[in-house]
Amino acid sequence: SRMFEHSQQCSSLAASVAGFGLGRTFAGADFTDFLLSHQLLRERPKSTFLNGDLVIYFQDDSFRHIGTTLKEDRVLSKWGTGYLYDHPVWEVPSNYGESVRYFEQISSNEGLELFVLFAKSRGFTFS
């Protein structure tokens, strides 16, 4: 795997919403669970994914890890703290899951709208 400095690149989902953190509500696992449980992401068959789409890893139907698709069955994802890795789909720690699903990438504006919806669901109000 090739390493990328976190400051140089970030996944499309994180790039869409990372700058909009509100206190203890931020674009992390709870946000991804919210998007999945409310069916707010558009799933696509593996055979039709495009560069930049989301690949989400699951263990027993529970979200475990997320990355963005690259060409030739490769994924860009953050492991631990500090670095992003360009890796084959299944070259991940085993605790990242046993299955993957692909979802259409979201724009920055759509990411912000979804994050605001998530924050409102947690009691935040916007004027």
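Only the coordinates and a few stated rules stand behind these numbers; no lab work does. Values in this document were obtained by computation on a predicted structure and should not be read as measured data. Quick reminder, even Gly has a Cβ in these numbers, built from the backbone with ideal geometry, and neighbours come from all protein chains shown.
Annotations for the structure displayed:
- Amide H contacts of residue 78 (H built 1.01 Å from N, under 5 Å, at least 5 apart or other chain): 85
- Loop chymotrypsin sites (Phe, Trp or Tyr not before Pro), the stretch 54-127 (other Cβ atoms within 10 Å of the site Cβ: 14 or fewer; DSSP): 90, 124, 126
- Segment residue 38-residue 24, extension gain: residue separation times 0.36 nm, minus the distance between their alpha carbons: 3.0 nm
- Using the Karplus relation 6.51 cos²θ - 1.76 cosθ + 1.60 with θ = phi - 60°, the per-residue 3J(HN,Hα) values for the stretch 43-60 come to 6, 9, x, 3, 5, 10, 5, 10, 3, x, 5, 8, 10, 10, 8, 10, 10, 6 Hz, with x marking Gly and Pro.
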